[in-house]
Amino acid sequence: MTLRFNSIIALILLTITTAQAQKVDHKLEQKIKQEIVGFRGDIGIYVHQLKSNKIVAINADTIFPTASIVKVPILVGVFQKIAQGELKLEQPFSYSDKRAYGGSGLMQFYKDSAQTDLSTMISLMLTYSDNVTSIWLQELAGGGAAINPLMDQLGLIHTKVNSKTAGREKIWEEYGWGQTTPQEMAKLFTLIRNGAVVDARHSDKMYRYLKNQFYNGRSLSQLPAWVNTIAKTGSVDRARGEVVLVNAPSGDYVFCILTKNNQDASWTDKNESEELTRKLSSIIWNHFEPKHPFQSFKPIN
């Protein structure tokens, strides 16, 4: 059995409670719909205020590329191996420059034979979205063949690792490294928050890793700095995404914004999708926290 019994029970209770009491937040929905008019691409949004159980769902069950957000399912796969005793956080590893890979991250600049450990690799994957450690950790977790069944067990049937996964080659051509829906990725964050992924102890540690984000210029820039969050961004040329869970004064909320087929493929802070994500994050915060209004400061260059 791969998921602990208590986690399965918690997942069932969460699913039943959510299904029974969810209501659409029509005021927030209208604000969001007004903001996304004219966006030059496809967008999906899911927002869930956990205390009131109110939601907004716009194309929330549509499948989008994850880009680097796939590193969250990889995290789950790694912690399943830790829970089974197959990996340890302090376990040492030796970096080979044959693993060098472009894109985001720091490990590609390590010297050959540099020493590291599993905990550092997890931190680099999540904090700096490090591609070298992510691919390495995906291997250690057993690849998509091991990670994807875990997603199924969590009820996340559309959340999958595609890269280097047998039978998913054609899907990889369409969605890239991974795929998910706004609702499913928001649900995964909620399950981690509720201690229902692997078990409460391992969920707690995953939550702590997800708190440290170097790339904080999108949604996180629209929240007061004193608010605790967990988050993950993802970016490829024509797709952008972000998932955030906010420990807000009036109650925790989670949201996921995913885009694809974007006309604007630029790699600047002025990218249309990234600017829209910031605006939506601000709208969501100020809707849920009228007693704590926040307007972001001008970026420091």
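Please compute the modelled spin-label separation between SER123 and PHE214, points set 7 Å along Cα→Cβ, answer in nm with one decimal.
Placing both labels 7 Å along Cα→Cβ, they lie 1.2 nm apart.
Where the accessible area of the chain is counted over protein heavy atoms with a 1.4 Å probe, how much of it, in %, is carbon and sulfur? If you can, show how the numbers build up before the last one.
On the way: 7470 of 14060 Å².
Using a 1.4 Å probe with all protein chains present, the chain comes out at 53 percent carbon and sulfur.
What residue among VAL24, VAL37, VAL236 has the largest mean-square fluctuation in a Gaussian network model of the chain, using Cα springs under 10 Å?
VAL37
Find how many whole Å separate the alpha carbon centroid of region 147-165 from the alpha carbon centroid of region 104-142.
The two parts, judged by their Cα centres, are 21 Å apart.
Can you put ARG218, ARG40 in order of accessible area, largest first, using a 1.4 Å probe? If you can, show how the numbers build up before the last one.
On the way: ARG218 30, ARG40 105 Å².
These residues rank, largest area first, as ARG40, ARG218.
Which angle from 0 to 90°, rounded to the nearest 10, does the C-alpha axis of helix 118-127 make with the longest principal axis of the chain?
For helix 118-127, the angle is close to 30 degrees.
For region 34-145, what class follows from the C-alpha gyration tensor (a ≥ b ≥ c being the square roots of its eigenvalues): rounded when a/c is under 1.5, otherwise prolate if a/b is larger than b/c, else oblate?
Prolate.
Per residue, how many Å² of accessible area does region 149-301 show with a 1.4 Å probe? Let's see the in-between values first.
Working: 7030 Å² over 153 residues.
Accessible area per residue: 46 Å².
If you put +1 on each Lys and Arg Cβ and -1 on each Asp and Glu Cβ, how big is the dipole of region 176-284 around its Cα centre, in Debye rounded to 20?
So the magnitude is around 220 debye.
Rounded, prolate or oblate: which one fits region 145-301, using the alpha carbon gyration tensor with axes a ≥ b ≥ c (rounded when a/c is under 1.5, else prolate when a/b beats b/c, else oblate)?
It comes out oblate by the Cα gyration axes.
Just in region 245-278: which trypsin sites (Lys or Arg not before Pro) are loop by DSSP and have at most 13 other Cβ atoms within 10 Å?
Here the sparse-neighbourhood loop sites are LYS270.
Tell me which lysines have Cα within less than 16 Å of LYS211's Cα, excluding those fewer than 8 residues away on the same chain?
Once the sequence-local lysines are set aside, what remains near LYS211 is LYS71, LYS232.
When the chain is treated as a GNM, springs tying every alpha-carbon pair under 10 Å, which of ALA114, ALA57, ALA239 comes out with the largest mean-square fluctuation?
ALA114
Could you work out the per residue convex hull volume over the alpha carbons of the chain, in cubic angstrom?
For the chain, the hull spanned by Cα atoms encloses 132 Å³ per residue.
With the dipole of the chain worked out from charges on the C-beta (+1 for Lys and Arg, -1 for Asp and Glu) around the Cα centre, which of MET121, TRP172, ILE43 lies farthest toward the positive end?
Positive-end residue among those listed: ILE43.
Just in region 58-166: which GluC sites (Glu not before Pro) are loop by DSSP and have at most 15 other Cβ atoms within 10 Å? All intermediate terms of the calculation are to be shown ahead of the outcome.
On the way: sites: GLU86, GLU90, GLU139; in loops: GLU86, GLU90.
Of the GluC sites (Glu not before Pro), the ones in loops of region 58-166 whose Cβ has at most 15 other Cβ atoms within 10 Å are GLU86, GLU90.
Treating the beta-carbon of each Lys and Arg as +1 and of each Asp and Glu as -1, no other charges, what is the dipole magnitude of the chain about its Cα centre, to the nearest 20 debye? Could you put the intermediate results ahead of the total?
Details: 34 positive and 28 negative charges, 108 e Å.
Computed charge dipole of the chain: roughly 520 debye.
Taking 8 Å as the Cα distance limit and 6 or more residues as the minimum spacing, I'd like the relative contact order of region 227-301 as a percentage. Walk me through the intermediate numbers first.
On the way: 89 pairs, mean separation 15.9, N = 75.
Reported as a whole number, the value is 21 percent.
Roughly how many Å is it from the Cα centre of region 183-247 to that of region 17-77, as a whole number?
14
I need the P(r) histogram for region 231-297: all alpha carbon pairs, bin width 5 Å from 0 out to the longest distance, whole percents.
4, 16, 26, 21, 16, 11, 6, 1
The values are calculated or read from the model by the stated rules, or taken from the named source; none is laboratory data. This one's a predicted model, so the numbers in the text were calculated from it and none came from an experiment. Cβ: placed from backbone, ideal geometry, glycine included. Neighbour counts: every protein chain shown. Note: areas computed on protein heavy atoms with side chains; ligands, DNA, RNA excluded. Shrake-Rupley method; radii C 1.70, N 1.55, O 1.52, S 1.80 Å.
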